[in-house]
Every structure is written in structure tokens, then in C-alpha cells.
Amino acid sequence: MTEIITYRISSTGVWGYEFYDSGGKNIGLVSAVVSSSSPVRIESRSFHWYSRFDMDTTVIPGIGRRVMDNASGKEVYRLIYWHREFYQARSRNETIGIEIRNDAFLFGNNGMPVTAMTERISRAGRTLRSGAEAEAYFRTTFYEDVSEAFALMALSFPAMRFY
């Protein structure tokens, strides 16, 4: 079991989250400039992704948000909205269900144990890699060993989902 703490950051015109393991080591971030069409950056040690989505788009069941590899320009996965409490993350090889239940995000597939859970928390603040002061915002618990790509998808979900 692995626990990751997400810290929310915001500054004039910029917002995002930074991810830290239980040893306090930064493992990635998701960030964007405040704009209706600015791409969201999703980064870790091994991956550099982005996602563009026009915020003026009407959100209806089946609409997707593409996450692209920065270097190749190829789609890594697509986040698909089905209804307020259910999404899917689909890649070429896998589909992961994402359920929102009692303000927690549950990652896994129907009939299978939950692979990861993200829940809202509030802990003491800290100075982040970026130098910003921030408060803990989410705790993500991975109940299985997962790939770095899966972990990054799960950690970035709160920033990528439709409201």
C-alpha cells in the first residue's frame, strides 16, 4: 500500500497540484494557467503530458478529454464523462472506471477491488518544490502496485474532471 499527499497550489493566474510520497519526495505535478483554453500540464519523473479542453464546451455523457504525450503528440488516454459520479479513463490497452462516492474518487473496475482511492483531507501546510506555501488537499492510497502512468492518471484526475 502506498500513500501520496497532494498539495493544492494557486497564485495569480496559475493553479495546480503537487504530489509527494510518504518520504516527502516530490513525484509530480499538474498545473495550468487560468484560462478557458489553456492546456493542463501533467508531469512526473518519466512522463510529460498535456490536455487541452475548451471550457465553453457543453459537458454531456460520452464527452472525452484527451491527454497527450508532450514529446510524441500521441494520445496517452482519454478521460470520459458518463455522469456526475462516473468517469472512465481509456487507453489503447485498458479501461479504468472512476467512481465519485462521498467526495472520494475510487479507481478500479466493476466487480474488482478498488485499486486506488483519493479523498479530501486537510493537514498542516508545507513549502513545495515550486517554493509556494500550500496545504495538503488530497490523500491518494494505492492498494496495489501500479505503474507510474496509472498513478499519474489517478493523481491528476481531480484537476482533469468536469464540474
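The values are calculated or read from the model by the stated rules, or taken from the named source; none is laboratory data. Keep in mind that what you see is a predicted model, and the values were worked out from it rather than measured. Note that we place each Cβ from the backbone using ideal geometry, even for glycine, and neighbour counts take in every protein chain shown.
Would you mind finding the one in Trp49, Trp82 that is in a strand (DSSP E or B), out of contact with any helix residue (DSSP H, G or I) (no Cβ under 7 Å at 6 or more places or on another chain) and touching a residue at least 60 places away in the same chain (Cβ under 8 Å)? Write out each step before concluding.
On the way: Trp82 fails: touching a residue at least 60 places away in the same chain (Cβ under 8 Å).
Within the list Trp49, Trp82, the selection yields Trp49.
Among the residues of the range 39-63 satisfying the criterion of being among the polar types (S, T, N, Q) and closer than 19 Å to Gln88 by Cα, which is nearest to the chain's Cα centre (by Cα)?
For the range 39-63, the residue satisfying everything is Ser51.
Of all residues being part of a strand (DSSP E or B) and of a type in the set (Val, Ile, Thr) in the range 103-127, which is surrounded by the fewest Cβ atoms within 10 Å (Cβ to Cβ)? Just the residue, please.
Thr127
Of the conditions (1) part of a strand (DSSP E or B); (2) modelled with pLDDT of 90 or more, Tyr137 satisfies every one except a single condition; which number is it?
In the conditions (1) part of a strand (DSSP E or B); (2) modelled with pLDDT of 90 or more, Tyr137 misses (2) alone.
Collect the residues in the range 13-23 that are farther than 18 Å from Ser122 by Cβ, modelled with pLDDT of 85 or more and in a loop (DSSP other than H, G, I, E, B), keeping them in residue-number order.
Hit for the range 13-23 is Gly23, nothing else.
Can you tell which of Ser10, Ser38 is surrounded by fewer than 19 Cβ atoms within 10 Å (Cβ to Cβ), of a type in the set (S, T, N, Q) and in a loop (DSSP other than H, G, I, E, B)? Even if it seems obvious, please write down each step before you answer.
On the way: Ser10 fails: in a loop (DSSP other than H, G, I, E, B).
So the residue among Ser10, Ser38 that is surrounded by fewer than 19 Cβ atoms within 10 Å (Cβ to Cβ), of a type in the set (S, T, N, Q) and in a loop (DSSP other than H, G, I, E, B) is Ser38.
Looking at the range 85-102, which of its residues are of a type in the set (D, E, K, R) and assigned to a strand (DSSP E or B)? Break it down into steps so the answer makes sense when it comes.
First, the residues of the range 85-102 that are of a type in the set (D, E, K, R): 85, 90, 92, 94, 99, 101.
Arg90, Glu99, Arg101, listed by residue number.
Can you tell me which condition Ser35 does not meet? The list is (1) touching a strand residue (DSSP E or B) at 6+ places or on another chain (Cβ under 9 Å); (2) over 22 Å from Gly97 (Cβ atoms); (3) among the polar types (S, T, N, Q), and all the others hold.
The number of the failed condition is (1).
So for the range 143-160 (the condition being modelled with pLDDT under 95, crowded, with 16+ Cβ neighbours inside 10 Å, closer than 17 Å to Tyr17 by Cβ and more than 16 Å from the chain's Cα centre (by Cα)), does at least one residue qualify?
no
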